[in-house]
Every structure is written in structure tokens, then in C-alpha cells.
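Since the structure comes first, as C-alpha cells, the remarks are kept for the end.
The values are calculated or read from the model by the stated rules, or taken from the named source; none is laboratory data. Because the structure is a prediction, the values reported are computed rather than measured. Ideal geometry is used to build each Cβ from the backbone, glycine not excepted, and the neighbour counts take in all protein chains shown.
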Amino acid sequence: MIIVNMKYIIATRLPMLQFINPSSLITDSFYCLYYYDGYDRLFRNLYMLGILTVIFGLITYFEVRRREYASI
């Protein structure tokens, strides 16, 4: 996050972007561990990171597979 207030700006102007930004999810997870008693928000962030990992992993797999078959 380049600017100190960038997380707040994104949360107010583009709230859906904060759920697909891995940097925001990771920093928010650390804040949750430090400031909050419950782990609900932490697990939500980790769940979203897991979903993003699976989605981008599948995209990478299919793109690489397509290139491998095209070169045969």
C-alpha cells in the first residue's frame, strides 16, 4: 500500500476491490490478530486468500496446458 490512507480510500470508494486485493487482505489479517478478540474476520480474509489462490492457480494451469499442447 503505497499511501498510508490508501486502504481507507479503497474501502470508501471501491469497497469490492478490498476483497480481491491480496495486499489488503494480508494487512487486514495482521490487524485482526493484533486488535480484535475474535477470529471471524481473520478467517474470512484467509478464506478469500484461499479462493483467490485456487482461482489464479486454475487460470495458470489452463493457460500453461494450452501452450504446451499448442507447441506439439
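Restricting attention to the stretch 1-24 and to residues that are of a type in the set (S, T, N, Q) and surrounded by fewer than 14 Cβ atoms within 10 Å (Cβ to Cβ), the residue that is modelled with the highest pLDDT turns out to be Thr12.
Among the residues of the stretch 25-41, those that are more than 12 Å from the chain's Cα centre (by Cα) and either exposed (fewer than 15 other Cβ atoms within 10 Å of the Cβ) or at pLDDT 90 or above (or both) comprise Phe30, Tyr31, Leu33, Tyr34, Tyr35, Tyr36, Asp37, Gly38, Tyr39, Asp40. Residue-level check: of (1) loosely packed, with under 11 Cβ neighbours inside 10 Å; (2) over 12 Å from the mean Cα position of the chain (by Cα), Val54 misses just (2).
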